[in-house]
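The values are calculated or read from the model by the stated rules, or taken from the named source; none is laboratory data. Fair warning: this is a prediction, and the values are worked out from it, not measured in the lab. Cβ: placed from backbone, ideal geometry, glycine included. Neighbour counts: every protein chain shown.
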Amino acid sequence: MGRPSDDAVVIQKGKKPGDPFVITVNCPDKAGLGCDICWIILDFGLHIVKGDITTDGIWCYIVLWVFPTPTSPTVRWSNIKERLLAVCPAFSVSAYLNETPPKPEASQVYLLTFCSTDRKGLLNDVTRVLCELELMIQRVKVTTTPDGRVMDLFFITDNLELLHAKKRRDDACDKLLAVLGESCTSVDILSAGYKNDSVPRISSLSQTAAAEIFQSEITEKQELSQSLSPDVKKLKHATVMIDNSLSPAHSLLQINCVDHKGFLYDIMRILKDFDIQIAYGRFSPVNKGHRDLDLFIRQRDGLKLVNVEKQEEVISRLKLEMLHPLRVIITNRGPDTELVVANPVELSRRGRPMVFYDTTLALKVLGICVFSAEIGRHSTENGEWEVYRFLLEENCKYKLGSMAVKNQIVDRVRRTLMGW
């Protein structure tokens, strides 16, 4: 399809300290473009504070005001521009006809291994470096020995598709050595010999844990059991409405709910899965902890969304995932305490970015070490989920068998994931 002009993406720094950066995307439209853009912005740890979207189905114009979040890895703005340009279609016949673009080719998987002395926050420190290098974690195997050593295996892919080059691998190893310190005896990156066109299934969860984390409806009692802090509990409701009376050609989708990190991505992901296009949208600044979003939408066939059953399906899904885009529970795995985090996967089978980083960051803040970690997929009748499982180490500070401690861990992890 070719590369779009560099002018297709413009990033402007705020005029004065404290002002947001402004990202402008001006290019041919394609199915799911808004979702792809929001995914990349979330992957770089940026928070969208305001936005405008306009498209006629052939050409789109998107303006987003963003801030780096305080806990995110270092932001490389030139890399963001390159990644955004990569998802923008160049002008072509297929772009003009707004045809669905071909699926991207699977990326080569590489195996990162290192051996080091274990310490609190080690897993998050390594994950931070990988995020800054734009290396995506596909799977993790953490092994801790009785003498306090760890042998970690990270199965990774490279967003820049440059890890086949020795310089890129050496640069990554040098940055990891700087973080791991003198206790690290080895760091190596080798080809794993396969591509990420198949995702491993998560090992079996207990029926109780699976029923709790993959439920398709959240009751009032279950909302209260999420262990949310009081300042968040009072903001837990979400309002979603579809109005067909204001426009002859489009349905108006109005959303009001509590603000959270990745808010716009979650909405774009759901609309993409339902094959719904956005003609115009405005994303207002936060107001008393809430976000308001007005979107004029239509179906892929160009018609308004008038089918009542589909309206109810879209509204129900949006409400559920505005309240609970990520699920967090503490459960028992034999004699051990296990933290389980899950998030819905796009129909394209792409998972949510930054989940592993945010979860390990929360555990680092709490001073809790991870004995082992696992990433995989789980399918239910309502779709596919990406699942992260962490076996937690018992320590003197926290008695993991205590319900109060379990609630504290769930609260901290969920707040970190949601950006609260």
| request: Determine, yes or no, whether ASP294 is surrounded by fewer than 18 Cβ atoms within 10 Å (Cβ to Cβ), under 21 Å from the mean Cα position of the chain (by Cα) and either at pLDDT 90 or above or among the aliphatic types (A, V, I, L, M) (or both). | output: no
| request: Within the range 397-412, identify whether any single residue is at pLDDT below 90, part of a strand (DSSP E or B), crowded, with 17+ Cβ neighbours inside 10 Å and more than 15 Å from the chain's Cα centre (by Cα), and answer yes or no. | output: no
| task | Filter the range 129-158 for residues that are of a type in the set (D, E, K, R), closer than 18 Å to GLY181 by Cα and crowded, with 20+ Cβ neighbours inside 10 Å and give the result. | result | ASP152
| note | Of the conditions (1) touching a residue at least 60 places away in the same chain (Cβ under 8 Å); (2) part of a loop (DSSP other than H, G, I, E, B); (3) over 20 Å from the mean Cα position of the chain (by Cα), the single one that ARG352 does not satisfy is (3)
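Residues in the range 139-152: is at least one part of a loop (DSSP other than H, G, I, E, B) and under 24 Å from ALA106 (Cβ atoms)?
From the range 139-152, those part of a loop (DSSP other than H, G, I, E, B) are 145-148; that's our starting set.
Add one more test, that the residue is under 24 Å from ALA106 (Cβ atoms), and what stays is none.
No, that holds for no residue.
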| said: Test of understanding: among LYS261, LYS304, which residue is of a type in the set (Lys, Arg) and either farther than 23 Å from HIS324 by Cα or part of a helix (DSSP H, G or I) (or both)? | reply: LYS304
| remark: Of the candidates ASP52, ASP19, the one satisfying the condition of being part of a strand (DSSP E or B), of a type in the set (Asp, Glu) and not assigned by TED's automatic domain parsing to the domain that holds ASP266 is ASP52
| task | Name every residue in the range 150-192 that is free of Cβ contacts under 8 Å to residues at least 12 places away in the same chain and more than 24 Å from the chain's Cα centre (by Cα), in order of residue number. | result | ALA165, LYS166, LYS167, ARG168, ASP170, ASP174, LEU177, ALA178, GLU182
| message | Being touching a residue at least 12 places away in the same chain (Cβ under 8 Å), of a type outside the set (S, T, N, Q), outside any helix (DSSP H, G or I) and under 22 Å from ASP125 (Cβ atoms) is the requirement here; does ILE375 meet it? | response | yes
| field | Total residues in the range 49-70, condition surrounded by fewer than 17 Cβ atoms within 10 Å (Cβ to Cβ) and in contact with a helix residue (DSSP H, G or I) (Cβ under 7 Å, 6 or more places away or on another chain) | value | 1
| query | If you go through the range 352-360 one residue at a time, do you hit one that is over 23 Å from THR145 (Cβ atoms) and in contact with a Lys or Arg (Cβ under 6 Å, 6 or more places away or on another chain)? | reply | no
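Does PRO285 meet the test of being outside any strand (DSSP E or B), surrounded by fewer than 19 Cβ atoms within 10 Å (Cβ to Cβ) and modelled with pLDDT under 90? Walk me through how you get there before you give the answer.
Values: outside any strand (DSSP E or B): yes; surrounded by fewer than 19 Cβ atoms within 10 Å (Cβ to Cβ): yes; modelled with pLDDT under 90: yes.
Yes.
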| field | Criterion (aromatic (Phe, Trp, Tyr), outside the structural domain of ASP259 (by TED's automatic domain parsing) and touching a residue at least 60 places away in the same chain (Cβ under 8 Å)) met by exactly one of TRP39, TRP65 | value | TRP39
| In the range 2-25, the residues that are more than 21 Å from THR74 (Cα to Cα) and at pLDDT below 95 | GLY2, ARG3, PRO4, SER5, ASP6, ASP7, ALA8
